[in-house]
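The values are calculated or read from the model by the stated rules, or taken from the named source; none is laboratory data. These numbers come from a predicted model, not from an experiment. Cβ: placed from backbone, ideal geometry, glycine included. Neighbour counts: every protein chain shown.
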Amino acid sequence: MEKLTAFNKRKFFYFLMIFFVLFPVVHSDTISEYEKIQENIDKDEKRLVEIFKDIHANPELGFQENRTANIVDTEFKNLGYQTITGIGKTGVAAIMKNGDGPIVMYRADMDGLAVKETTGLPYASTKVGKLEGVDGAELPLMHACGHDAHVTWMLGAAKVMSENKDKWKGTLVFIAQPAEEPGLGARAMVEDNMYKKGVPKPDYLIGMHTAPIPVGTYVAVPGARMAGMDQIDVVFNGVGGHGSAPQVAKDPVIMSAIAVTSYQSIVSRAIDPQNAAVLTVGSIQAGTENNVIPASSLVKINLRWFNENDRNIMVNGIQRINEGIAFSYGLNKDMYPKMIRKGWAAPLVNDKELTERIERALQSNIKGIENLKNYPPAMGSEDFHHLVLDNTKHIYSYILVGVADPKVFEKAQKEGKPFPYFNHNGNFMVDLKAISYGVKIASISLLDVFNNK
Ligand SMILES: [Zn+2]
Ligand SMILES: [Zn+2]
């Protein structure tokens with residue numbers, strides 16, 4: 001080994017000076033700050049898990065999230081946020097102004113689903129509720145899409161941000177959004193003049209969704225990540241009558257049956273096979289009695305697409321098939337099937353720069369975290385970006401966060417299943433370890449976006 005000469009000693013000394021003086025200040029302190037924040041999130045875990053269990057046990061359907069909105073509003077107020085409630089029925093905005101800097105919006109959706117919970121968890125939902133605009137029996141409700149975790153993550157991050165105001169500058173806006181599942185809530189908030197009621201228009205929008213991948217993994221990938229979506233109802237009008245005398249009736253049950261099978265040829269025969277598109281009929285409702293031909297029937301359709309052209313091919317195809325059926329039944333034009341366009345969502349396209357920036361922040365600050373970059377884009381949809389779609393600035397990133405117990409996930413894979421359970425399944429489960437994990441992802445993403453010029 002070379003002996004240190006006096007000159008080398010001096011150089012070595014200077015090197016040490018630079019290393020110990022500069023490096024820790026510029027770099028290590030930032031790391032330890034983020035580590036400290038994560039330690040505090042771990043300390044807050046018990047409280048966060050209690051919030052999660054409570055919301056999980058009390059799911060509410062879209063635009064009926066009164067209880068959840070109340071919890072959210074109270075918590076934000078306690079943390080020092082200015083809140084605006086009742087936007088788009090049950091939506092809540094929470095604002096914290098903290099000097100000059102970017103305006104960053106973070107959104108969580110609040111609604112549950114009409115799904116019967118079969119997890120057997122001690123905090124499983126036993127709640128029932130009625131879908132908006134639908135008569136009939138009460139349905140079992142469940143947070144089967146993990147929006148209970150989304151709300152908890154948001155509240156956890158809100159605490160971190162309010163307790164660490166010295167670590168960011170700008171304006172932070174949290175949005176608790178109603179009715180994501182029917183694809184209506186984000187637009188309802190915008191159409192209810194959210195931006196005229198005091199919510200600042202953001203420079204950046206961030207959102208997160210549960211995914212049935214292991215806790216510790218996430219998906220932050222730029223580009224098209226989720227499909228565009230349409231919810232369409234079709235009402236077939238016929239002439240009701242006696243089941244024994246079809247010749248004097250016009251049977252809408254047969255009309256809808258023909259329609260459902262004919263629709264399936266649209267995607268298979270009219271859409272470019274290189275493109276991804278889906279047409280699903282999720283419900284046919286007609287009649288009540290064995291021997292009565294009803295006067296009308298209702299068909300509920302769901303479309304998924306990645307470009308406007310494919311969307312038009314499907315919508316126009318449905319229309320032509322409907323009219324063709326009505327024509328073949330000799331119906332008058334005024335009795336032709338009615339198409340009701342309900343909710344829709346544009347394809348979700350993650351901003352490249354923002355998404356890569358968040359990925360860098362997560363990778364370098366959360367231990368053992370893994371970005372599953374090859375996770376394919378989903379045919380599922382979101383309305384989160386509709387919060388900013390009509391603004392001049394619409395830079396957004398939507399991250400999937402793993403919520404499956406890694407052991408349960410591994411077992412499922414060994415059994416040849418891609419996931420232990422998927423969102424919307426009655427067995428869908430958010431592992432409790434995912435609660436603090438999601439809060440860490442949300443908090444570090446937010447801090448990083450504020451601190452990057
Ligand atoms: Zn869902
Ligand atoms: Zn969802």
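Some notes on this structure:
- Take the conditions (1) within 18 Å of the chain's Cα centre (by Cα); (2) surrounded by fewer than 15 Cβ atoms within 10 Å (Cβ to Cβ); (3) not polar (S, T, N, Q); E415 misses just one of them, which is (1).
- Some residue of segment 406-421 being within 29 Å of Y123 (Cβ to Cβ), assigned to a loop (DSSP other than H, G, I, E, B) and within 16 Å of ligand 1 (Cβ to nearest atom): yes
- When segment 130-148 is filtered for residues that are out of contact with any strand residue (DSSP E or B) (no Cβ under 8 Å at 6 or more places or on another chain) and either over 19 Å from L184 (Cα atoms) or within 14 Å of ligand 1 (Cβ to nearest atom) (or both), the ones remaining, listed by number, are D135, G136, A137, D148.
- Which numbered condition A124 misses (of (1) of a type outside the set (K, R); (2) surrounded by fewer than 22 Cβ atoms within 10 Å (Cβ to Cβ); (3) within 16 Å of ligand 1 (Cβ to nearest atom)): (3)
- Matching option when the condition is over 13 Å from I232 (Cβ atoms) and β-branched (V, I, T), among I313, I266: I313
- Of all residues making up segment 338-353, the number that are over 17 Å from I395 (Cα atoms) and in contact with a Leu (Cβ under 7 Å, 6 or more places away or on another chain): 1
- Near pairs, Cβ below 8 angstrom, 6+ apart or cross-chain, from segment 144-172 (of a type in the set (D, E, K, R)) to any residue that is surrounded by 24 or more Cβ atoms within 10 Å (Cβ to Cβ): D148/F52; D148/I55; D148/H56; D148/P59; D148/G112; D148/V430
- Considering each residue of segment 170-177 in turn, none proves to be in contact with a strand residue (DSSP E or B) (Cβ under 6 Å, 6 or more places away or on another chain), assigned to a loop (DSSP other than H, G, I, E, B) and within 16 Å of ligand 1 (Cβ to nearest atom).
- Residue match in segment 90-106 (condition: among the β-branched types (V, I, T) and over 30 Å from D166 (Cβ atoms)): yes
- Selection of segment 151-174 for residues being out of contact with any Ser or Thr (no Cβ under 7 Å at 6 or more places or on another chain), within 16 Å of ligand 2 (Cβ to nearest atom) and of a type outside the set (S, T, N, Q) yields W153, M154.
- The residues listed here are I55, I87; of these, the one that is under 25 Å from P200 (Cβ atoms) and crowded, with 22+ Cβ neighbours inside 10 Å is I87.
- Among the residues of segment 422-453, those identified as in a loop (DSSP other than H, G, I, E, B), more than 16 Å from ligand 1 (Cβ to nearest atom) and over 23 Å from D203 (Cβ atoms) are D431, L432.
- Residues in segment 368-382 that are within 13 Å of ligand 1 (Cβ to nearest atom) and touching a Pro at 6+ places or on another chain (Cβ under 9 Å): S381 only.
- Matching residues in segment 211-225 - criterion: being under 23 Å from I395 (Cβ atoms) and within 16 Å of ligand 2 (Cβ to nearest atom): A211, Y218, V219, R225
- Scoring G240 on the criteria (1) more than 31 Å from the chain's Cα centre (by Cα); (2) surrounded by fewer than 21 Cβ atoms within 10 Å (Cβ to Cβ); (3) touching a residue at least 60 places away in the same chain (Cβ under 8 Å) leaves a single failure, condition (3).
For every residue, the table says whether it meets (1) modelled with pLDDT of 95 or more; (2) within 25 Å of E181 (Cα to Cα).
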position	(1), (2)
I358	yes, no
A361	yes, no
S364	no, no
G368	no, no
N371	yes, no
G380	no, yes
I395	yes, yes
Y398	yes, yes
G402	yes, yes
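- Counted residues, segment 248-279 - those being loosely packed, with under 14 Cβ neighbours inside 10 Å and within 27 Å of the chain's Cα centre (by Cα): 2
- Of all residues in segment 107-129, those satisfying the criterion of being away from ligand 2 (no atom under 16 Å from the Cβ) and either in a strand (DSSP E or B) or out of contact with any strand residue (DSSP E or B) (no Cβ under 7 Å at 6 or more places or on another chain) (or both) are T118, T119, G120, L121, P122, Y123, A124, T126, K127, V128, G129.
- Condition met for H385 (in contact with a Leu (Cβ under 7 Å, 6 or more places away or on another chain), buried (at least 22 other Cβ atoms within 10 Å of the Cβ) and assigned by TED's automatic domain parsing to the domain that holds E359): yes
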